[in-house]
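Heads up: the structure comes next, in structure tokens.
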Amino acid sequence: MPDLIHLLPDNIANQIAAGEVIQRPASAVKELLENAVDAGATRIRMIVQDAGKSLIQVIDNGKGMSEIDARMCFERHATSKISGIDDLFRIRTMGFRGEALASIAAVAQVELKTKRAEDTLGTYIEIENSVVKIQEPCTYTDGTSFSMKNLFFNIPARRNFLKTNAAEMRHIVDEFIRVALSFPEIFFSLTSNGEEIFHLEKGGLKQRILQILGNNYVSRLVSVTENTDYLNISGFVGKPDTAKKTRGDQFIFVNNRFIRSAYLNHAVMNAYQDMIPAGSFPMFVLFLDLDPSQVDINVHPTKQEIKFEDEKIVYAFVHAAVKHALAQFSVAPSLDFDLDPTIQQLDAVSKPLTEAKLNETSAGNLFRTFTQKYQAHKVEPASNMQDWKQFFSKSDGSYQPALGGGETTDFSIPHQREEKEQSLFPQTGGSRLPVPDASQAMQVLNSYILFRGPAGFFIVDQQAAHERILFEKFSGLSDTSTIATQKLLFPVTIEFSPGDAAIFSEILQDLANLGYHIEPFGKMVFIMHGTPSDLPSGQESGVIEHILEEYKNFNPDIRCSKREKLYRSMAYARSIKAGTALSSAEMVEMIRMLSECDFPNTSLNGRHIYIEYTQDFFDRSFGARR
Ligand code: ADP
Ligand code: MG
């Protein structure tokens with residue numbers, strides 16, 4: 001019997017390793033940009049073709065490589081950034097694993113040109129499938145150019161797995177923005193298919209934020225700066241009035257590295273408590289700087305998740321710093337602090353948050369919405385049931401015992417709670433929704449429509465109802481039967497940030513079918529010539545921004561076509577919201593339209609739109625035995 005075990009050839013081993021590092025074009029973008037930053041470049045240009053599928057080129061004016069290094073850099077675990085394990089705790093560079101270039105060379109065709117200032121000639125290398133094809137001296141300016149061509153050319157299965165160009169381009173733009181935000185002192189440019197979509201001259205952080213996130217934030221940014229021995233924080237947060245319905249413009253960097261942390265996001269959001277409406281999201285770009293030995297950036301191959309030596313201190317610090325900044329700029333003069341506003345003597349730095357306090361925060365509704373796996377594309381203020389329950393329990397205390405716990409704000413065991421409610425309200429969705437007369441319909445809390453039915457009464461969530469109505473209307477349209485467009489007397493100009501403009505172009509054609517006649521005008525500006533005839537005037541550009549925001553932040557867990565996604569986004573954006581007073585005629589019309597829907601009792605988020613309360617409910621609520 002022959003022995004079975006053998007070593008994998010290098011190129012196969014590298015391909016396997018590459019799976020972790022290079023998942024899509026955007027992963028290579030991150031690695032190549034970070035390498036250019038690490039090389040001390042002050043100007044970095046990136047060129048992509050076909051959303052990076054056929055080309056990603058990064059050109060920098062950094063320190064370049066010697067002939068030997070140029071060859072070495074493609075070896076696995078080849079790095080100039082660490083030499084021993086201790087260095088891991090002193091990392092100040094973006095890269096250190098020495099895996100990126102080896103991975104890229106295993107899954108693409110790579111061309112490298114590089115020259116150091118002290119050399120007269122540079123080095124040219126062509127490598128594919130981890131095999132060097134050409135290595136020769138060349139003339140080149142100081143710095144380095146990496147071209148990565150035909151990603152996954154040798155792994156068709158992975159190439160097929162790539163998403164549409166629009167989707168891959170969004171990932172690229174996201175990565176580009178993250179690096180560009182953390183290094184405002186470096187010039188960056190991004191050209192896609194021959195068009196320069198970002199041109200970011202060097203400057204301060206504020207300028208960089210405006211360049212990237214749009215001029216809407218001008219004079220609406222509050223600066224955050226606090227320094228302690230343990231950690232420093234700097235950056236900007238948006239004034240409360242810039243909060244958006246969906247989370248988007250939120251960035252936290254630790255030692256200049258973009259990180260995802262629901263925990264720290266929550267610390268910031270919490271600082272805005274009572275300043276922004278529930279379910280809205282402020283903008284923030286924050287940089288935490290602390291001793292590298294206090295962070296473990298090694299937990300994730302792409303280094304987006306990190307561990308802090310002491311999470312609680314970091315939480316308390318971020319929370320207090322943002323709160324302090326908001327108060328100082330008299331954005332919130334009447335804030336009452338539960339943490340000392342003068343950060344230098346901040347308790348949190350000497351004594352960490354108490355366990356109890358932390359549990360209290362993490363049991364809160366807001367925190368849960370951040371940690372739940374299936375985050376909705378937007379955070380609902382509270383489920384309809386809860387609002388209803390609160391309303392009911394205020395007007396009639398006897399309702400509470402019927403629920404068992406009597407807790408109106410108990411979010412701790414949602415599943416069990418739902419089951420209870422199911423058994424308490426057995427009539428949901430059974431019978432067909434009747435349409436009341438105008439005299440029978442009544443609105444409560446400006447959010448629910450209440451009317452009598454044959455066996456009790458109905459209560460309808462007006463916003464969920466309208467979303468359903470609009471969604472079915474939009475999706476019922478075929479390519480030929482489009483919504484009528486009304487030409488605007490005065491065309492409206494809409495301006496987007498470069499990233500948003502790219503996304504917006506994606507949905508332009510579908511918007512046209514829905515009655516929006518919009519044309520691009522240059523790179524970031526669009527002109528709206530016509531809107532759906534049923535759109536009230538004055539709402540034109542607002543609605544477009546809202547649609548885009550919804551579209552951008554669409555819950556990635558909901559699998560649906562681009563079109564359905566747009567229809568849903570439009571329905572969310574255009575629906576009559578909870579809190580809007582309705583006339584009797586409007587209520588009746590809403591119920592009539594709802595009753596004609598295919599799925600009148602399923603909200604776009606899969607909840608109930610209406611509930612029927614029948615005798616059984618009353619009997620049980622009052623404990624009456626009949
Ligand atoms: P890491 O960044 O983790 O060290 P990489 O595979 O990304 O690993 O790069 C390997 C080495 O190649 C780096 O340590 C660096 O010395 C060199 N290198 C990569 N890109 C550049 C560049 N743009 N300019 C100069 N040197 C570079
Ligand atoms: Mg690197």
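What helices (runs of 4 or more DSSP H) lie completely within the range 539-611 and have 1 or more residues being without any contact (Cβ under 8 Å) to a residue 24 or more places away in the chain and of a type in the set (S, T, N, Q)?
Correct list: 562-574.
Pick from the range 62-110 the residues that are near ligand 1 (Cβ under 9 Å from one of its atoms) and of a type in the set (Lys, Arg): which of them is most open to solvent (accessible area, probe 1.4 Å)?
LYS63
Out of curiosity, is ALA180 assigned to a helix (DSSP H, G or I) and surrounded by fewer than 18 Cβ atoms within 10 Å (Cβ to Cβ)?
It is false that ALA180 is assigned to a helix (DSSP H, G or I) and surrounded by fewer than 18 Cβ atoms within 10 Å (Cβ to Cβ).
What is the residue count in the range 1-25 for residues that are within 21 Å of LYS163 (Cβ to Cβ), within 15 Å of ligand 2 (Cβ to nearest atom) and in a helix (DSSP H, G or I)?
Of the residues in the range 1-25, 3 are within 21 Å of LYS163 (Cβ to Cβ), within 15 Å of ligand 2 (Cβ to nearest atom) and in a helix (DSSP H, G or I).
Looking only at the range 199-220, how many residues end up being touching a residue at least 40 places away in the same chain (Cβ under 8 Å) and surrounded by 21 or more Cβ atoms within 10 Å (Cβ to Cβ)?
3
Are any residues in the range 121-139 at positive phi and not small (Gly, Ala, Ser), and if so, which ones?
Passing the criteria: only ASN129.
Mind checking whether some residue in the range 514-533 is among the aliphatic types (A, V, I, L, M), open to solvent by less than 60 Å² (accessible area, probe 1.4 Å), within 16 Å of TYR567 (Cα to Cα) and touching a Leu at 6+ places or on another chain (Cβ under 9 Å)?
yes
Can you tell which of GLN23, GLN49, GLN57 is open to solvent by 10 Å² or more (accessible area, probe 1.4 Å), free of Cβ contacts under 8 Å to residues at least 12 places away in the same chain and within 28 Å of the chain's Cα centre (by Cα)?
Sole residue among the options that is open to solvent by 10 Å² or more (accessible area, probe 1.4 Å), free of Cβ contacts under 8 Å to residues at least 12 places away in the same chain and within 28 Å of the chain's Cα centre (by Cα): GLN23.
With ALA464, ALA501 as the choices, which residue is under 30 Å from GLN615 (Cβ atoms), open to solvent by less than 50 Å² (accessible area, probe 1.4 Å) and either modelled with pLDDT of 85 or more or not small (Gly, Ala, Ser) (or both)?
Every option except ALA464 fails the conditions.
Looking only at residues in the range 467-498 that are assigned to a loop (DSSP other than H, G, I, E, B) and out of contact with any strand residue (DSSP E or B) (no Cβ under 8 Å at 6 or more places or on another chain), which one is least open to solvent (accessible area, probe 1.4 Å)?
Within the range 467-498, the match that is least open to solvent (accessible area, probe 1.4 Å) is SER497.
With respect to GLY122, is the statement that it is within 15 Å of ligand 1 (Cβ to nearest atom), farther than 29 Å from GLY19 by Cβ, open to solvent by less than 20 Å² (accessible area, probe 1.4 Å) and over 36 Å from the mean Cα position of the chain (by Cα) true?
Criteria met by GLY122.
The values are calculated or read from the model by the stated rules, or taken from the named source; none is laboratory data. From a predicted model like this one, the values you see are computed outputs, not experimental measurements. For neighbour counting, all protein chains shown are included, and Cβ atoms are generated from backbone atoms with ideal geometry for every residue, glycine included. Just so you know, the surface numbers come from the protein's heavy atoms only, side chains and all, with ligands and any DNA or RNA stripped out. Shrake-Rupley method; radii C 1.70, N 1.55, O 1.52, S 1.80 Å.
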